[in-house]
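Novice: My structure is below; once you've seen it, I'll send some questions.
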Amino acid sequence: MTLGVLVVLAMAFTMFAGFWTDWLWYRSVHYSSVFTTTLSTKVGLFFVFGLLMAAAVGFNVWLAHRLRPPLSAMSMEQQNLDRYRMGIAPYRKWLLCAVTALVGLVAGASAAGQWRTWLMWVNGVPFHKTDPQFHLDISFYAFDLPWYRFLLGFGFAAAVLSLIAAALTHYLYGGLRVSSPGPRATAAATGHLSVLLGVFVALKAVAYWLDRYGLAVKSSDFKATGDWTGLRYVDANAYLPAKTILFCIAVICALLFFATLWRRTWQLPVIGFGLMVLSAILIGGLYPALVQKFEVQPNEQAKEAPYVEKNIKATRAAYGIDDTKVSPYDGVSTTKDRSTLRDDVDKTASTRILDPNIVSPTFQQNQQIRGYYAFPNNLDVDRYPTKDGKVQDTVVGLRELNLDGVKKNWINTHFRYTHGYGLVAAKGTEASNGEPVFTEKDVPSTGDLGTYEPRVYYGEKTTTYSIVGGPQKEIDYPAGDGEATTTYRGGSGVSLSGTLNRAAYAVAFGEPQILYSGAIGDGSRILYNRTPKERVEAVAPWLTIDGDAYPAVVDHRIQWIVDAYTTTNGYPYASRTTLGDTTADSLTYNNDQRAVVAQQNRVNYIRNSVKATVDAYTGEVKLYQWDTEDPVLKTWMKAFPGTVKAKADISADLMAHLRYPQDLFKVQRELLTRYHVTDAQTFLSGSEVWQVPVDPTNKSGNSVPPYYLTMKMPDQDAQAFSLTTTFTPNGRETLSAYMAVDSQAGTPDYGKIRLLKLPASTTVGGPKQVQSQFNSNSQQNIAEFVRLIRGGDSEIEYGNLLTIPLDDGLLYVEPVYVRGGQLKYPLMRKVLVSFGGTTAFEDTLGQALDKVFGTSGSGNPPPDTGTTKPPGSADPTVEQALKDAQKAFDDGQKALKVPDFKAYDEAQKELQAALKRAEQAQAAADKAAGSGAKNGAKNGAKSGG
């Protein structure tokens, strides 16, 4: 008995610990209303529907027992069951309570899982748009219909369980007979079971009626387009009238069952039920098949065209692609002035040559500082101002805590090593000796970002709990030969001062030391749920989270910026997509550390309605309303009032770092492979179907990821931060279109999608073809370079293949990284550039562009005006420096052919030093004359190299 009581108490406290720690966490992040609203909704649904189910089953069992015939009227078959009746008689009430409690618990648990459906139904706001078939507001399909279907399913379950329970009770007590001669059922049993069957058939009638509206959101396989949502010709002209007819038949059949209360015979109800089943087969199945076979298939395009138009319009609206601007684009430049084209490159794009998906190991090598720090495998692209006030693309990453670099024990893991330190940033458009040019670096942090709170207690790699603020000091950052220490003052987390809290967390985390450890004392707080995705999902469980949270320094603090989506599966006529599949690409395939939208649920409406931030130091979560017109977000804001801040509360500093989210862009580009077409006939023919090309820079076989790039589309006056991708024709590798969306938040064009559509008659190379041309180009010695590198112990890594529209043509730029030898991290060694069939393979982007266009454009040094000294009169110091520069360059090229990257790096350093000496010497020699010999020496040195 004692052991049993202890087991029950342990189970009860375990359940309590889970509840109590959840409550404490929500209270600590100031979102306790989310916890209470969710919990109260679940509890309410559990008890209401659990009691309803228990009451329905219990009442019918009680009624069947009440209607039992007298013992004298029972047949021999029923009298043989007397021993069973006598056996359960003493426990009849307890058995009834147990059965009803069991079905009530199951039904209640099922209903509690529908808390989102209930909240959307009770708080739903109109879309102020109607479907084209029934002319009902879309909110009916998004918010009302799912709840009605749940009620219908609950009703069916209650009717079936009540029917089974009543039938068993009637049989046990003589109301039903199986093998005895005479009537098979008493009049009372007949009436009771007939009513229950009538309820079931009545519910079926309701189901037929709701099925009419369900046709607008029904998914089906359509040969012409694949997956299809909404009514087609056969649905509107066969299934819809069939559902109406079956509804009427089901109503009549239900009335016949109810009539047995007076007629006491099942003859007419059985006939009616048989008629309903036959009608379902003939009217609901055979007739639509005949319509499809003999009326639709002979002239499918003409029959389906009106419904395809509805599908196209609804799908484009549901995914926010209805305002996509499609412009024709030649794909081939006709400008003859190469100097002008070279000048236009810099005006068109700030070409990013630092690939955030490759250079993480380089950040790690140069800025890890200690083994207990690490950078994410994929860095992020953001925008930060330069010293002269211009905004530039910047590759950023947080120096997060890496517990794999720590000696593992409980104190180290949870008390001493608790946080990362600092944001590291590098120019996206520059490299020095193949390495990033850091604008923010080191520990403590120094650089262009000014002062900010550098400690990172909440991050993507912080997946375990920490206990801070107590007697145990934390490692803060490396200082000299040791480490500086700190104590957390952020105020987040849950206090462990009380015994109850400590015991609850000891149970919840399965760690008894939390209860009795001396390292925990006054002021100790436990931090958990520490990744940005976890925190936003917890405080807003009704949102779908983007797979790529990114850090930014905002108002002197590191903030994680998280894009979040509202979705629904009930937008009539809009085709569905599976988020997890649509957002997968070569990056998500190659890097399992990168968060992906994991939900495999199918949706047909999505909006980036919320921008969220998570403070890397305090863990504070803020939700901002971004799409002020989204009815789904308005519905959730009614359900959880006060949780989402107004868009006007977004600070100017935060607004400067917001961007268009990648996962939404990937969903939209997948839809635009088909839905860029607005003509139904063309859509049905499939002649304009595109595909997202396979990433040519790796062998994953997955889609090319979209790239952030500051650039100017042909109809834009200035460069804008954009997210870009390309399309190829279905089954071919040539380029069919180029897509860019303005990602610069706070500007009028933010979110505007532009498509440049290339003519079908041209054969402009797509990404795979361009990559193949790069790899096989013999004139530029690309293939020889690749062969030499791979011949040793080094590897070639191709960076992002950027595509830039330029003067009706397309400019391709790809950085090439080398990893190997003594260097275990990638360095950018070459840049590939292609335009108009001309390819260059040079050390820098500028050199490659100059070679492609045959000129450096108007940016060239001015022509010789006679003020510079002739070559024969050059200063001896300058001449010697130029000779040293030439020798260093030759040594570097020889080292690269081996390859010996250590020698190459030394040669590059010697080259830079020699150039600097030449500059200084020439400047000193020409100072009195005021000539431009400084530039001449520098350019002479470069040409000599």
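We did not get these values from a lab; they are worked out from the coordinates using the rules stated. Not measured: the values here are computed from a predicted model. Methodologically, a virtual Cβ is constructed for each residue, glycine included, from the backbone with ideal geometry; neighbour enumeration extends over all protein chains shown.
Novice: If you average the sequence gap of Cα pairs under 8 Å that are 6 or more apart and divide by the length of the chain, what percent do you get for the contact order? Could the numbers behind the result be given before it?
Specialist: Working: 1735 pairs, mean separation 104.9, N = 945.
Dividing the mean separation by the residue count of the chain yields 11 percent.
Novice: Quick check on the exposure proxy: order M637, M53, M655 from fewest to most C-beta atoms within 10 angstrom. Please list the in-between numbers first.
Specialist: Working: M637 20, M53 25, M655 16.
Result, fewest neighbours first: M655, M637, M53.
Novice: Something else now. What's the exposure ranking of V201, V99, V7, going from fewest to most Cβ atoms within 10 Å?
Specialist: Details: V201 24, V99 16, V7 10.
By the 10 Å Cβ count, ascending, the order reads V7, V99, V201.
Novice: If contacts are Cα pairs under 8 angstrom and at least 6 residues apart, what is the relative contact order of region 712-785 in percent? Mind showing how you got there, number by number?
Specialist: Numbers: 102 pairs, mean separation 17.5, N = 74.
Over region 712-785, the number comes to 24 percent.
Novice: Within a 10 angstrom radius of the beta carbon, how do I245, I753 rank from fewest other beta carbons to most?
Specialist: Details: I245 16, I753 22.
By the 10 Å Cβ count, ascending: I245, I753.
Novice: Here's something else I'd like to know. Say the dipole of the chain comes from +1 at the beta carbon of Lys and Arg and -1 at that of Asp and Glu; which of H65, A646, A17 then lies farthest toward its positive end?
Specialist: H65
Novice: Projected area of region 332-372, taken from the Cα convex hull and averaged over every viewing direction, in nm²?
Specialist: Numbers: hull surface 19.5 nm².
Its average projected convex-hull area is 4.9 nm².
Novice: Of I353, I561, Y817, whose Cα points farthest to the positive end of the dipole of the chain (charges on the beta-carbon: +1 Lys, Arg; -1 Asp, Glu; origin at the Cα centre)?
Specialist: So the residue we want is I561.
Novice: Compute log10 of I(q)/I(0) for region 186-318 with the Debye formula, placing one identical point scatterer on every Cα and leaving out solvent, at q = 0.13, 0.20 Å⁻¹, to two decimals.
Specialist: Results for region 186-318 at q = 0.13, 0.20 Å⁻¹ read -0.64, -1.06.
Novice: From largest to smallest, what semi-axes in whole angstrom does the chain give when each is the square root of 5 times an eigenvalue of its alpha carbon gyration tensor?
Specialist: Numbers: eigenvalues 903, 298, 92 Å².
Values for the chain, descending: 67, 39, 21 Å.
Novice: Now a separate question. So which of K42/K461; K42/K533; K533/K638 end up more than 29 Å apart by C-alpha? Let's see the in-between values first.
Specialist: Details: K42/K461 32 Å; K42/K533 24 Å; K533/K638 23 Å.
Checking Cα-Cα distances, K42/K461 exceed 29 Å.
Novice: Work out the count of Lys pairs in region 291-394 where the Cα-Cα distance is under 25 Å, with the pair 8 or more places apart or on different chains.
Specialist: 9
Novice: Of the listed peptides 209-217, 259-267, what is their order by residue-averaged count of other C-beta atoms within 10 Å, with the highest listed first?
Specialist: Working: 209-217: 20.0, 259-267: 14.4.
For the peptides 209-217, 259-267, the packing ranking is 209-217, 259-267.
Novice: At a Cα cut-off below 12 Å, give the aspartates and glutamates reachable from K473, other chains included and same-chain residues fewer than 8 away excluded.
Specialist: Filter leaves E483.
Novice: Let me ask something additional. Counting only complete DSSP H runs, which helices of the chain cover 24 Å or more along their long axis at the Cα atoms and score a mean Kyte-Doolittle of -0.5 or above? Can you show the working numbers first?
Specialist: Working: long enough: 2-28 (38 Å, 1.10); 32-66 (49 Å, 1.16); 92-112 (29 Å, 1.40); 145-172 (40 Å, 1.41); 187-214 (39 Å, 1.00); 240-263 (35 Å, 1.88); 300-318 (26 Å, -1.03); 876-897 (32 Å, -0.95); 901-926 (37 Å, -0.86).
Membrane-span-like by this rule: 2-28, 32-66, 92-112, 145-172, 187-214, 240-263.
Novice: Give me the aspartates and glutamates in straight-line cross-link reach of K243: C-alpha distance below 12 Å, same-chain residues under 8 apart excluded.
Specialist: Partners within reach: D211, D235.
Novice: Can you give the % of DSSP beta bridges in the chain that are antiparallel, to the nearest 5? Could the numbers behind the result be given before it?
Specialist: On the way: 106 of 112 bridges.
Bridges in the chain that DSSP calls antiparallel: roughly 95 percent.
Novice: To continue, here is another question. Give the whole-number value, in cubic angstrom per residue, of the convex hull volume spanned by the C-alpha atoms of region 615-711. It would help to have the intermediate numbers written out before the result.
Specialist: Numbers: hull volume 21.5 nm³, N = 97.
In region 615-711, the Cα convex hull volume per residue is 222 Å³.
Novice: Counting only helical runs of four or more DSSP H residues, what would the 222 nm mean residue ellipticity of the chain come to if each run contributes -39,500 (n - 2.57) and the total is spread over all its residues? Display every interim value, and only then the final one.
Specialist: Working: 29 runs with 394 residues, N = 945.
After summing the helix terms and dividing by the residues of the chain, the value is -13500 deg cm²/dmol.
Novice: Mean separation of Cα pairs under 8 Å and 6+ residues apart, divided by the residue count of region 186-318: what relative contact order is that in percent?
Specialist: That works out to 31 percent.
Novice: Between rounded, prolate and oblate, where does region 465-529 land on the alpha carbon gyration tensor, with a ≥ b ≥ c its root eigenvalues, rounded for a/c under 1.5, else prolate if a/b exceeds b/c? Show your work: numbers first, answer last.
Specialist: Values: a/c = 2.28, a/b = 2.09, b/c = 1.09.
Since a/c reaches 1.5 and a/b is larger than b/c, the shape of region 465-529 is classed as prolate.
Novice: Measuring from the lowest to the highest alpha carbon on each principal axis, how far does region 223-267 reach, largest first, in angstroms?
Specialist: Over region 223-267, Cα extents along the principal axes are 54, 16, 14 Å.
Novice: Related question: Can you compute the charge dipole magnitude of the chain about its Cα centre, using +1 on each Lys and Arg Cβ and -1 on each Asp and Glu Cβ, nothing else charged? Give it in debye, rounded to the nearest 20. Don't skip to the end; give the middle numbers.
Specialist: On the way: 93 positive and 89 negative charges, 755 e Å.
About 3620 debye.
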